[in-house]
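Structure record follows, encoded as structure tokens.
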Amino acid sequence: MPSHFFVKYNNRGQTPKDIFTDTLKDLVKDGSEWLSKTSESCSVVAAPIATVAFATSSTVPGGVKEGIGVPTLEGKPALNIFAISSLVVLCSSVTALVFFLSILTSRYQEEDFAMDLPRKLLLGLISLFTSIGF
């Protein structure tokens, strides 16, 4: 077998992975604390938005006609725009909550900081800003 297939050790008996882990231990700790605080703060913002979005998407604006049970604004574009935007806000705020809660329940290993956690944070923030923008 070629020699580059084997793990190399330094004079202290450490592999490159061991040195990498020891060097970045404090950075991983600080990063996990920052991510936890950020995710908690964003979850506090996303939860009331999801609650209000659920309430607005489950009610009919303008009320319903007596005896018939159809919306008073039926057939008007304003009702369709309101319903679609309310559902977009509901879906994006719940999606943001899921991403932020998945960050909070993460293991915070150094491998997670490469792709997994930044992707979750980015998608959570995009979803949160989408729900705020609509």
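The values are calculated or read from the model by the stated rules, or taken from the named source; none is laboratory data. As the structure is a computational prediction, the values presented were derived from the model and not from experiment. Please note: Cβ atoms are built from the backbone with ideal geometry, for glycine as well, and neighbour counts cover all protein chains shown.
Before we move on, is Leu35 in contact (Cβ under 8 Å) with a residue 24 or more places away in the chain, over 30 Å from Gly133 (Cβ atoms) and either out of contact with any Phe, Trp or Tyr (no Cβ under 8 Å at 6 or more places or on another chain) or surrounded by 11 or more Cβ atoms within 10 Å (Cβ to Cβ) (or both)?
On the way: in contact (Cβ under 8 Å) with a residue 24 or more places away in the chain: yes; over 30 Å from Gly133 (Cβ atoms): no; either out of contact with any Phe, Trp or Tyr (no Cβ under 8 Å at 6 or more places or on another chain) or surrounded by 11 or more Cβ atoms within 10 Å (Cβ to Cβ) (or both): yes.
Taking the combined requirement at face value, the residue does not satisfy it.
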> Checking Leu27 against (1) without any contact (Cβ under 8 Å) to a residue 40 or more places away in the chain; (2) hydrophobic (A, V, I, L, M, F, W, C); (3) assigned to a helix (DSSP H, G or I); (4) farther than 16 Å from Arg107 by Cα, which test does it fail?
Replying inline: (4)
> Among the residues of region 51-73, is there at least one that is buried (at least 17 other Cβ atoms within 10 Å of the Cβ), more than 12 Å from the chain's Cα centre (by Cα) and small (Gly, Ala, Ser)?
Replying inline: yes
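Would you please name the residue that is farthest from Ala47 (Cα to Cα), looking only at residues in region 62-101 that are in a helix (DSSP H, G or I) and polar (S, T, N, Q)?
Step one: of region 62-101, the residues in a helix (DSSP H, G or I) are 77-101.
Next, only the ones that are polar (S, T, N, Q) stay: 80, 85-86, 92-93, 95.
Numbers: Asn80: 25, Ser85: 17, Ser86: 15, Ser92: 11, Ser93: 7, Thr95: 11 Å.
Only one residue tops the list, namely Asn80.
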>> Taking the criterion of being in a loop (DSSP other than H, G, I, E, B), of a type in the set (A, V, I, L, M) and modelled with pLDDT of 85 or more, would at least one residue in region 102-116 satisfy it?
In response: yes
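Go over the candidates Val28, Val98 one by one and state the one that is at pLDDT 95 or above and either hydrophobic (A, V, I, L, M, F, W, C) or surrounded by fewer than 15 Cβ atoms within 10 Å (Cβ to Cβ) (or both).
Numbers: Val28 fails: at pLDDT 95 or above.
From the options Val28, Val98, the qualifying one is Val98.
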